[in-house]
Number of protein chains: 4
Amino acid sequence: MIRVLVWNEFMHEKDPSCKASEIYPEGIHGCIAEFLGKEEDIVVETATLDDENCGITRERLKNTDVIIWWGHCGHHKVPDSVAALVQEEVLNGMGAIFLHSAHKSKPFMRLMGTSCSLTWRESDDMERVWVCAPGHPIAQGIGRYFELPGEETYGEPFGVPQAEENVFIGWFDGGEVFRAGLTYTRERGKVFYFQPGHETYPTYKNENVQRIILNAVRWAKPVSRTDNCMDCPNLGKAHII
Amino acid sequence: MIRVLVWNEFMHEKDPSCKASEIYPEGIHGCIAEFLGKEEDIVVETATLDDENCGITRERLKNTDVIIWWGHCGHHKVPDSVAALVQEEVLNGMGAIFLHSAHKSKPFMRLMGTSCSLTWRESDDMERVWVCAPGHPIAQGIGRYFELPGEETYGEPFGVPQAEENVFIGWFDGGEVFRAGLTYTRERGKVFYFQPGHETYPTYKNENVQRIILNAVRWAKPVSRTDNCMDCPNLGKAHII
Amino acid sequence: MIRVLVWNEFMHEKDPSCKASEIYPEGIHGCIAEFLGKEEDIVVETATLDDENCGITRERLKNTDVIIWWGHCGHHKVPDSVAALVQEEVLNGMGAIFLHSAHKSKPFMRLMGTSCSLTWRESDDMERVWVCAPGHPIAQGIGRYFELPGEETYGEPFGVPQAEENVFIGWFDGGEVFRAGLTYTRERGKVFYFQPGHETYPTYKNENVQRIILNAVRWAKPVSRTDNCMDCPNLGKAHII
Amino acid sequence: MIRVLVWNEFMHEKDPSCKASEIYPEGIHGCIAEFLGKEEDIVVETATLDDENCGITRERLKNTDVIIWWGHCGHHKVPDSVAALVQEEVLNGMGAIFLHSAHKSKPFMRLMGTSCSLTWRESDDMERVWVCAPGHPIAQGIGRYFELPGEETYGEPFGVPQAEENVFIGWFDGGEVFRAGLTYTRERGKVFYFQPGHETYPTYKNENVQRIILNAVRWAKPVSRTDNCMDCPNLGKAHII
C-alpha cells in the first residue's frame with residue numbers, strides 16, 4: 001500500500017465569496033483524497049493549516065510514502081519548523097508532489113534552493129498541456145496533449161533548477177508557455193511539480209489531471225528510506241584499506 | 001578572433017520555384033555569414049553540399065572554432081565520414097550550432113544519440129519565442145520574448161536527451177509548444193540547438209534571431225582543444241602510487 | 001516476466017591461452033544468464049558474435065525488455081546495421097546494460113554520442129566500488145562499498161555525457177578513480193553502464209556484482225514501448241486550436 | 001575587474017593550539033585574498049564572523065561578483081538572515097565558491113536544498129585529485145591529476161543534487177573517493193563546490209589549488225545580474241496575443 005498524505009492550506013474553499021467554495025466544498029484535499037482513495041494500492045490521509053502544527057509530525061511523515069502539497073495565500077502561515085520536517089523527510093526518501101501555487105510553498109522552495117518565481121495572469125485562458133516525455137511513468141495514459149478550458153496563466157521564466165525530466169509543457173491561449181511538469185531527485189526522495197490547479201477552476205476533477213497525479217504518486221513512492229540523511233559520520237582515524 | 005564556418009546544404013535557395021530563392025538569394029549561409037562577419041571578433045567562412053567532400057576536411061575543422069549547420073532535404077547526401085569528422089571535432093572542442101531542420105542532420109543526431117524526432121506543420125503560424133533562462137549568455141539582449149510573424153511549426157515531443165539549459169521555448173499560435181533553444185556539453189565541445197529558421201521565412205534577417213546566433217557563437221567558442229579525444233591510452237602496468 | 005537478452009562477443013573464453021577460458025568456460029554470457037535465470041520474474045536468452053547477424057533481429061529486440069552487452073576485441077566485427085537496430089530499439093523503450101569494455105561498443109557509443117574514451121592499466125589492482133546514490137534502485141542491497149580483489153584499472157577522464165545518476169565510483173589501489181556506474185535516459189529507453197568485469201577476473205561471480213546487474217535489469221525494464229521513435233510526423237496544415 | 005569577497009569564519013586560525021594558527025596566521029581568507037589579489041583582473045575584499053552582521057550587507061553583495069566561503073565550526077553562528085542574503089544574491093547573479101567544510105554552511109545548504117552530508121576521517125591521508133572534465137574552464141592548467149600530501153578524508157555518499165559537471169574526483173590513500181569539484185547553476189548564479197582545504201594543512205598554498213580557485217572565480221563571474229529574482233509579477237488580465 002502506498003500511504004499518501006494530502007496537505008492543503010484549505011483557505012479559499014472556506015470563503016463563501018470565492019468560487020473555490022462551490023467547486024471544492026470538501027476542499028481541494030478532499031477532492032484529491034477522494035479520487036486517489038479509489039485505488040486499491042493507495043490509502044490516503046489529509047491535513048490542513050487548521051490542524052495542530054499543520055497536522056505534520058515527524059512520526060506522521062515517517063509513515064507517509066508520498067506527500068501532496070497545495071498552498072497559496074497561507075504559505076507564510078506554515079512554520080519554518082514544519083517546512084524543515086517535510087524537506088528532511090523527502091531527503092530521507094518520502095516522495096513529494098507540489099501542485100500549482102505550491103511553487104512558492106516553503107517545502108518546495110527549500111528543496112529547490114531557488115526563487116521558484118514565475119509570472120502570472122488571471123484571465124480564464126485555455127491551457128493545453130503537452131507531453132514532452134511520452135515514455136515517462138507520469139505521462140502514461142495521457143495522449144499527445146489535453147486541454148483545460150480555463151486555468152490561471154503561469155509564464156516563464158520559472159526560477160527552478162534544471163529538471164531531470166521536463167514531462168509536460170503548458171500552452172496558454174493568451175500567449176504564454178510554462179514548464180508544467182518537472183521531476184527532481186533530492187537524495188532518496190523524488191519530487192514532482194505540476195502546474196495546473198488554480199482554486200477557481202475544477203482542474204482536479206479533470207480525468208487527465210487525476211491520472212497524472214495518480215501516476216506521480218506511484219512514481220514517487222520510496223525505493224528506500226533512511227532515518228539519518230542529515231548525519232555526517234566521523235569514521236574514525238583508521239584507514240579502510 | 002572566433003573562426004566560424006557556416007555550413008548549408010544550399011538546395012532550396014537555388015530552386016526558383018521555392019520562396020527561399022527570393023528571401024535568401026545568397027543562400028542561408030550567405031545571410032548568416034554576412035551578419036556575423038560584421039563583428040570585429042569574428043571571421044567567417046562558408047561551405048555547402050556542392051563543395052568537394054561538403055567542404056569539410058579534418059584540417060579545416062581544426063581551424064574552426066564554431067561550426068553552424070543548416071540542412072533539410074539533403075541530410076542523406078552528407079557522407080557518414082563527413083558527419084563523423086564533425087562529431088569528432090566537436091568532442092575535441094569545436095563549438096557547434098544546429099539550426100532548425102538540422103535537428104535531423106547526421107552530425108547532430110550522432111552527437112545526441114537519439115532520434116531527434118518531432119512533429120511539424122506548415123501553416124504560417126506566428127511563433128513567440130520565450131526566454132526561460134534570462135541569465136544565460138545566449139539570451140542576453142533578448143527581452144522576455146520576441147515574435148516571428150511566420151514560421152514552420154515544430155511540436156513536442158522532441159526526441160533529444162535532457163538539455164543542460166532550456167534557454168528558449170517556442171509558442172505557436174496554432175497551438176503547439178517546442179523547446180526552441182537547448183544547450184549541451186559533449187566532452188570538450190559546446191552544442192546549441194535553435195529551432196527557428198525555415199527556408200521560406202526571413203527568420204535569419206530578424207534582429208533577435210541574429211543576436212541569438214551571435215551570442216551562441218561567442219558562448220560555443222572552445223575553452224580548450226585536443227587532438228585525440230578518441231584515444232584510450234594504456235598507461236602500462238605500473239601503479240601510479 | 002522481464003525478457004533479458006545477454007549479448008557477448010564470446011571470443012576470449014574460447015581461447016585456451018586466455019584465463020577467461022578457465023573462469024568462464026560457458027562464456028560470460030553463460031555466467032550472467034545463469035544467475036539471472038534463477039529469478040522468478042526473469043527469462044533469459046543469449047546471443048553472440050558467432051550467431052547469424054550477431055543473433056540480433058528487429059523482431060527479437062521487440063521481444064526483449066532489457067539487453068545486456070559485453071564486448072571487447074570484437075567491437076568492429078559487429079555490423080553498423082546491428083548497432084543501429086539496438087540503438088533504435090533502446091530509443092523505442094528497450095532497456096540496455098553495458099558492461100565493462102562495452103564502453104567502446106558500437107551501440108553504447110551511438111547512444112552516448114561521445115568518444116567513451118578512458119585510460120586503462122592491467123596490473124591486478126584491487127577495486128573498491130563505492131555507492132554514491134544509496135537511494136537508487138540499482139544500489140539496493142549493496143553496503144557502503146564492496147571490493148573486487150583484482151580488476152583491470154579504468155581511469156578518468158571518461159568521455160561520456162554527464163549522467164543522470166552517478167550510482168557508483170570505483171577506487172583502485174593503484175591510484176585511479178572511475179565513475180563505475182552511470183544511468184541515462186535516451187528517449188523511452190533506460191541505459192546503465194557498469195565498469196567492473198574484465199574477462200580475466202571472476203567478477204561476474206561476485207555476489208555484489210550479480211546483485212547490481214539484477215537490480216539494473218529490474219530498473220531498466222520498459223515503462224512504455226513504441227514502434228516508431230524515428231518518425232517525424234507531418235500533422236498537416238490545420239491549426240489544432 | 002572581478003570583485004571578489006572572501007568570507008571566512010576565522011576561528012581555527014586564532015586558536016594557538018590549532019595548527020591552522022601556524023599555517024594561516026593571516027587567516028585562510030588572508031591567504032586566498034593574497035594569491036587572488038595578484039591577478040590584474042581581480043580586486044579582493046574579505047569578511048569574517050567577527051565583522052558586524054558577518055560583514056555581509058545587501059549593498060556589499062550587490063557590489064560583489066564572486067563570493068568565496070570557508071566555514072566549519074561556526075556555521076551555526078551565521079544568522080539565517082545573512083545566509084538568505086547570500087542565497088538571494090546568488091540567484092540574482094553573483095557567483096559563489098564553497099570550499100571544503102563549507103559543504104555544511106548555511107548558504108550552500110540553502111542553495112542545494114539537500115543535506116550536503118558526507119563521511120569524514122582525520123588521518124593524514126594523501127589525496128590525489130583527478131580531472132574528470134579536462135575541457136572545463138575550471139580544470140585549465142591542471143594536469144591529469146595532482147596530489148595533496150595530507151588532507152582530511154571526505155567520503156561518499158555526498159548528499160547533493162546531481163551536478164552539471166563533475167570536474168574533479170578525489171582519491172584518498174586511505175581508501176575513499178569523493179566528488180571533489182562540482183558545478184551548479186542556480187538561476188543567474190554559478191556555484192562551484194571544491195573539497196580540498198582542511199584548516200590543518202597548507203592546501204591553499206598549493207599551486208594547483210590556487211589555480212583552480214582562480215579559474216573558478218573567472219568562471220563564476222556574472223553574465224547578467226538582476227535585482228528582483230524573488231518577484232512573481234502579475235501581468236494583469238490582458239492576453240498578450
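Values quoted throughout were computed directly from the atomic coordinates according to the rules given, and no laboratory measurement underlies them. It should be emphasised that the depicted structure is a prediction, and the values quoted were computed from it without experimental measurement. Ideal geometry is used to build each Cβ from the backbone, glycine not excepted, and the neighbour counts take in all protein chains shown.
The table below gives the values:
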{"quantity": "FRET efficiency for A:R58 and D:R144, using Cβ-Cβ distance with R0 set to 51 Å, rounded to 0.05", "calculated": "0.60"}
{"quantity": "For the A-to-C rotation axis, chain A residue with nearest beta carbon and its distance in angstrom", "calculated": "A:E164, 3"}
{"quantity": "Mean separation of Cα contacts under 8 Å (6+ apart) over length of the range A:107-181, as relative contact order %", "calculated": "38 percent"}
{"quantity": "Theoretical ellipticity at 222 nm over chain B - DSSP helices of four or more residues, -39500 (n - 2.57) apiece, nearest 500", "calculated": "-6000 deg cm²/dmol"}
{"quantity": "Global form of chain C, assessed from the alpha-carbon gyration tensor, a/c cut-off 1.5", "calculated": "prolate"}
{"quantity": "Entries in D:K14/D:K190; C:K77/C:K221; C:K14/C:K62; B:K77/C:K237; B:K106/C:K77 that, when Cα-Cα distance is taken, lie over 26 Å", "calculated": "D:K14/D:K190; C:K77/C:K221; C:K14/C:K62; B:K77/C:K237"}
{"quantity": "5 angstrom amide H check on C:I2, placed H, neighbours 5+ away", "calculated": "C:I42, C:V43"}
{"quantity": "Volume per residue of the C-alpha convex hull in the range C:1-116, rounded to whole Å³", "calculated": "96 Å³"}
{"quantity": "Shielding by other protein chains, D:117-128, mean Cβ within 10 Å", "calculated": "4"}
{"quantity": "Test item: A:152-159 mean partner chain Cβ contacts at 10 Å", "calculated": "6"}
{"quantity": "Residue-averaged beta-carbon neighbours from other chains (10 angstrom radius) around A:103-110", "calculated": "1"}
{"quantity": "Kirkwood estimate for the range C:138-221, i.e. one over the average of 1/r between Cα atoms, Å", "calculated": "13.6 Å"}
{"quantity": "Inter-copy label distances at A:S17 (7 Å, Cα→Cβ; nm, one decimal)", "calculated": "6.5, 6.7, 9.2"}
{"quantity": "For the range D:76-217: span of alpha carbons on each principal axis (Å, largest first)", "calculated": "39, 32, 27"}
{"quantity": "Copies compared at B:E45 - label distances in nm, ascending, label defined 7 Å from Cα in the Cβ direction", "calculated": "4.9, 5.1, 7.0"}
{"quantity": "Separation in nanometres of the label points that stand 7 Å from Cα toward Cβ, at A:E26 and C:E122", "calculated": "6.9 nm"}
{"quantity": "Antiparallel bridge percentage (DSSP; both residues within chain D; nearest 5)", "calculated": "55 percent"}
{"quantity": "Label-reachable residues, the range D:129-152, where backbone N falls under 13 Å from a point 7 Å from D:E207's Cα toward its Cβ", "calculated": "D:141-143, D:147"}
{"quantity": "Copy-to-copy label separations for B:C232, where each label sits 7 Å from Cα toward Cβ, in nm and ascending", "calculated": "3.3, 3.9, 5.1"}
{"quantity": "Distance between the range B:111-147 and the range A:106-146 - C-alpha centres, whole angstrom", "calculated": "18 Å"}
{"quantity": "Alpha-carbon centroids, the range B:85-100 and the range C:174-241: separation in whole Å", "calculated": "25 Å"}
{"quantity": "Overall form of the range A:10-60 per C-alpha gyration tensor (a/c, 1.5; a/b vs b/c)", "calculated": "oblate"}
